Amino acid sequence: MAAHADHTTSDTHLRQERAQSWLRGANLRPTRQRVALASLLVGDGQDRHVTAESLFEAAKDDGDPVSLATVYNTLKAFCDAGLIQEVTVDGSKSYFDTNTHDHPHFFWEDEGRLTDAPADQLEISRLPTAPDGAEIASVDVVIRLRKTR
């Protein structure tokens, strides 16, 4: 039992160290709330897609009480710092992706879930010319999926 507790404490410490390093790399002050949320986002070293609501629930389940407003504000700060990217689906539902490299996404309509799509299988041969006075900042590709019957 004690070995399990030590492993859990060690695991938590490692997650928090990763989170603090991630924040420091973007020159963000590691407040308690930021470290708690960053730990849930990148503490295990894996990329993930979350909504503000799912991150809020995960923080609550992890014993880190933060308000939903704090989660939204923190996610905005992480986006502004370039740590995560926002992917908007349906013009209203936002997902936040810890993988900031350009890549396409699958949106699983039946589950309301966003996952990475294989970038090496996507080919865009030509984009329309941007209107005068504008330049293309980025191209977001979200491929909608539905389960087949």
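Computed from the coordinates by the stated procedures, all read-outs in this text should not be read as laboratory data. Predicted model only: the values in this text are computed from it and were never measured. In this analysis, Cβ positions are derived from the backbone assuming ideal geometry, glycine residues included, and neighbour counts consider all displayed protein chains.
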Report task. Using the Karplus curve 6.51 cos²θ - 1.76 cosθ + 1.60 with θ = phi - 60°, work out ³J(HN,Hα) for each residue of the range 52-59 in order, rounded to whole Hz, and write x for Gly and Pro. Result -> 4, 5, 5, 5, 4, 5, 5, 5
Query - Sequence-distant residues sharing a close amide H with Arg113 (under 5 Å, placed H) - result: Trp108
Report summary line: Taking every other residue with Cβ under 13 Å from the Cβ of Ala81 and scoring Lys and Arg +1, Asp and Glu -1, one gets +2
Query - In nm, spacing of pseudo-spin labels at Thr12 and Thr100 (7 Å Cα→C-beta vector) - result: 2.9
Query raised in the report: Just one of (1) 29, 17, 12; (2) 25, 19, 16; (3) 32, 19, 15 is semi-axes √(5λ) of the Cα gyration tensor in Å calculated from these coordinates, so which is it?
Result: (3)
Query raised in the report: Ranked from highest to lowest mean number of other Cβ atoms within 10 Å per residue, what is the order of the peptides 132-142, 45-55, 110-120?
Result: 45-55, 110-120, 132-142
Query - Relative contact order of the range 76-118, defined on C-alpha pairs under 8 angstrom at six or more residues apart (%) - result: 26
